[in-house]
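K.L.:
The structure's right below; bear with me while I get my questions together.
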Amino acid sequence: GASVIDDCTPYCLSAARDCEVCDADTYLSSSMITADGNAQCEECPSGKTTAGDQATDHDSVDDCIVDIICEAGTELIDGATTCSPCSAGNYKLETTAGWSGQPPCLPCEIGRFASAQGAIECNVCQAGTIATSEASTSCADCVSGTYLDDDGQDATRHDSTTDCALCSVGTFSSVEARTTPCDTCGPGKVAAEGSTECALCAVGRYLADDATDPAEHDNRELDCVVCEPGLVSSDDRSQCRACSPGTEASQNATTCNVCGRGRYSAGGGQQCRDCKVGSFASNNGSSVCLKCSYPRWTSRKGAEVCDACRERHYLADFDRSSHKGLWGTGGQRERDEDVCAFDDDGKDPLHPGACCKVPEGTTRDDENNMTISKLKIKKGYYRHSRYTAQTFECRHKKACAGTSTDPDSDAVEDMRLEGDELCRVGFTGPLCSRCGDGYYLDGIDEVCVACDSDEAAEQSKSASKEILPIVVGAVVTVAIVVTAAVNIPGPTQKWYTKWYTRNAERSMTVSHHLTILVINAQMISNLQTVTIFRGGEPFPEPFATVVRLCEIFNLDAFAVFRVGCVATGFGYIAKLCTVTLSSIVLIIIVFIRRLYKVLYGGRVWDGQEMKFMFLFIFFTLPTTSMIIAKAFACVEFQDGEGGTQKFMLEDMTLSCDDSSPRYQTTYGFAVTMGLVFPIGVPLAAYILLWTRHEEIETRATRLGGPELNVLSFLFSYYAPDRWSTGVMEMLRRLVPCWLVLLQYHSRVLLASLVFSYAFVFKWRQLNPCWDTSSDQLGYYCAWFIVTCVWALFFSSAKESLHTDEAFFSWFLILNTIGILIEIWWLGAKYRKADAIDEADEGEGEGGDGEAEGDSEPEGEGEGE
């Protein structure tokens, strides 16, 4: 279609007027076109080719360029002039050339992979891996619980997930890409098909096969065997085993349960058992029970701690009682290991409370599991609370009935502790220490008798009809005879004067002997009273009864008269006020009378009433001082709740609480009276004697001159230079009063022993009496006091000495009889001396009259 030849590009065929572009690998330059417009495309030189499909790409030989050859594993991408490697997952097997039209890389078939570029072929997946899609760059691992054992031989065995075979039953695989068959489960394990791990047999079952046969591990119910009774499966379920000591198999043999506290197991399939009585297990998982150390015990089987005590011991509960207080008898401060088993802090670090010895005063039976509240108190003993072991011996043995076995008995009365420690009917207060209102104390039988009872009426009737008339008649008769003999002139008075003149010295000696006996009777009686007052034992029987009869010499009117039947509520305070104020009133009355006499020329320190006052105070001073001293004696009770209460020991209805106005008043009054009587009276007596000591030392007779008449009873029995002995005797009689202030009877006895020995040696050194016979009697009686103190020591220790108390009792009685025999012997000696004197008398009545004038009976000096 061109109008000229030049328009044919690149060449035109001679027979055609249409131009065509040269084929690939050929060219046609303008010089090669003929004049007539014919041209023939020439082939490019060898090894060269043309590129492009335009005429300009073929119009010169210069358009022939080198040919593009792509090796295997590479490809020529359209439009590119260089070969590119096949991408990963593709491959090309042959080499190709050309600027275009070369075959591309092919994708890897399933089951194969090419992990790098330029692959000339794809590899079959290795064992344990698969490629489930074309053009895979890598093979995927078979999952856990499967395996694939073909090692890159057959691509068809790696082209699907199903090519990864599941582990058979009884086997497992926990890893991916497994290349070998799965492992057989070990002992105690089973596995289902395709298991990634083996499952343990159920608890209580076991499987012993050690991975030898998968068929032995393919069923949990059939292959896992149930353990025998008493055994449990091991942790790996490979066997059944016995539980370790301190544990036991559960009922379904699934686990070993730990034995609880109070139970134990020795292992070997043994079940947990309760600890036997007397042993305990304080921790869980005990393999043995520990025995309680003596005296601890347990209250039951299966005990976790030793919560009880052996026989003759009781359990002290520290949650309720104070373990720092008194243990055992109230008169003893016993503590530590001698009484209770506890550590230094007062509590056992493991076991509760403490095991303490059953205190004195309780029934010591062989009962175990005794607690402090269950203690049974014996007759004659008392305790303040159910929750204290502090026991006291009652001063009146018959007052405390002890723990009653018959709460409805008429012989006892519930006083304080709800049917536990009981007072006998009539007694009341702590220690059943006093008679209640409407009762009086029978001092001989030591029982409280109802004032309106038949027994009281009988005693009153007997006293009024028999004893009282005799005593009153005898006193009246003696008074009439003595008054007539002394005051009525005539033969009687003359006979009395002659008799007195002849027997004055002898009468004074006998009077001194009797005084020594009375003073020693007071001493012995008061020693027993103070010892009992402080929780000790009386003298051995029957000597104790003899001493109680001697209490009459103490001149304690309250022990003779039934004050409780007359004055309701008459207690210690009334008694204290009565004995002290009555003496003070007597002193005031006597001094008023003497002052009246002074107005008429008399002397103050003279007169029979003054002498009576001194004698009254002299003989009642021990009793008065004893009553005063008891105001300072308090006893402390444990209340069982960790606290204490204090009561006055003489009258336990009175509290010793310092904050109590009543006690403060009583205490202050007792202090004042103590200064007046036990301190003031001996001091006043000494001062009076000292002011007259020159007249006393120079006197020619026992009584001295009329100016010494009132004081003569203090010195007339003693040698002139021993005028202070009367005050010493007064102080000796007050020793028991001071002993009341000592807290324990053991200290009372020890102090008594020291004072008694000191007096013996002092008496022997001084020989203070006017006559030798009184020195001998006083010395013998002083030693007898020492013997009595040792007897009280014996009474306190008689249980440990295992000696019959009758021996000591009769020894004391024989000593008393010996004193009476000595008095009789001294009297006989004096009668013999009097007979010799009468034989030597030659003057008759005249001489007697003269002697009578020299030895006139003592008078007042005022004609009274």
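The values are calculated or read from the model by the stated rules, or taken from the named source; none is laboratory data. All values reported here derive from a predicted model rather than from experimental measurement. Every residue, glycine among them, receives a Cβ derived from its backbone with ideal geometry; neighbour counts consider all protein chains shown. Accessible surface areas use protein heavy atoms only, side chains included; no ligands, DNA or RNA. Shrake-Rupley method; radii C 1.70, N 1.55, O 1.52, S 1.80 Å.
K.L.:
Show me the ranking of peptides 183-195, 38-50, 748-760 by mean Cβ neighbours inside 10 Å, starting with the highest.
P.N.:
Sorting 183-195, 38-50, 748-760 by mean packing, highest first, produces 183-195, 748-760, 38-50.
K.L.:
Right, here's the next one. I need the shape label for region 726-804. Rule: rounded when a/c is under 1.5, else prolate if a/b > b/c, else oblate, with a, b, c from the alpha carbon gyration tensor.
P.N.:
oblate
K.L.:
Leaving out ligands and nucleic acids, note down the accessible area per residue over region 148-195 with a 1.4 angstrom probe, in whole Å².
P.N.:
Accessible surface, normalised per residue, equals 48 Å².
K.L.:
Continuing with the same structure: When ligands, DNA and RNA are left out and all protein chains stay put, how many square angstrom of accessible area per residue does region 251-320 have with a 1.4 Å probe?
P.N.:
Counting only protein heavy atoms, the per-residue value for region 251-320 is 53 Å².
K.L.:
Next question. At 0.36 nm per residue, minus the direct Cα-Cα distance, what do Glu197 and Ser84 gain on full extension? Give it in nm, one decimal, please.
P.N.:
35.8 nm
K.L.:
Next up: Could you work out how much longer the chain between Leu599 and Ser60 gets when fully extended? Use 0.36 nm per residue separation minus the Cα distance between them, nm to one decimal.
P.N.:
Full extension from Leu599 to Ser60 adds 174.8 nm.
K.L.:
Oh, and also: Could you sort out which of Lys357/Lys397; Lys611/Lys646; Lys291/Lys646; Lys291/Lys357; Lys575/Lys646; Lys379/Lys575 sit more than 31 Å apart by Cα distance in this structure?
P.N.:
Lys611/Lys646; Lys291/Lys646
K.L.:
GluC sites (Glu not before Pro) within region 579-661: which are DSSP loop residues with at most 16 other Cβ atoms inside 10 Å?
P.N.:
Sites meeting the loop and neighbour criteria: Glu641.
K.L.:
Under the rule of at least 5 residues apart or a separate chain, name every residue whose amide H is placed under 5 Å from the amide H of Cys70.
P.N.:
Thr96, Ala97, Gly98
K.L.:
Find how much the distance from Thr132 to Ser30 grows on full extension, using 0.36 nm per residue of separation minus their present alpha carbon separation; answer in nm with one decimal.
P.N.:
Gain in length upon complete extension: 30.7 nm.
K.L.:
Please work out whether region 645-794 counts as rounded, prolate or oblate from its C-alpha gyration tensor, where a ≥ b ≥ c are the square roots of the eigenvalues and a/c under 1.5 means rounded, while otherwise a/b larger than b/c means prolate and anything else oblate?
P.N.:
oblate
K.L.:
Still on this structure: For Thr146, what residues show an amide H to amide H distance below 5 Å, using hydrogens built from the backbone and excluding near sequence neighbours?
P.N.:
Cys167
K.L.:
May I ask you to order 388-396, 165-173, 655-663, 545-553 by the average number of other C-beta atoms within 10 Å around their residues, highest value first?
P.N.:
388-396, 165-173, 545-553, 655-663
K.L.:
Work out from phi, with θ = phi - 60° and the Karplus expression 6.51 cos²θ - 1.76 cosθ + 1.60, the ³J(HN,Hα) of each residue of region 102-107, listed in order in whole Hz, and give x for Gly and Pro.
P.N.:
6, x, x, 5, 9, x
K.L.:
List the residues, sorted by chain then number, that are 5 or more residues from Thr362 or on another chain and whose placed amide H is less than 5 Å from its amide H.
P.N.:
For Thr362, the qualifying residues are Lys378.
K.L.:
For the pair Arg747/Arg241, report the inter-label distance in nm, with labels modelled 7 Å from Cα in the Cβ direction.
P.N.:
Taking the simple label geometry, Arg747 and Arg241 are separated by 6.8 nm.
K.L.:
While we're on this one: Sorting check: for 698-704, 77-83, 141-147, which peptide has the highest mean count of neighbouring beta carbons within 10 Å, and how do the rest follow?
P.N.:
141-147, 698-704, 77-83
K.L.:
Of all the accessible heavy-atom surface of region 111-260, with the other protein chains kept in place and a 1.4 Å probe, what percent is carbon and sulfur?
P.N.:
Ligands and nucleic acids excluded, carbon and sulfur give 45 percent.
K.L.:
Taking R0 as 22 Å, what FRET efficiency do you get between Ala215 and Thr180 from their Cβ-Cβ distance, rounded to the nearest 0.05?
P.N.:
0.70
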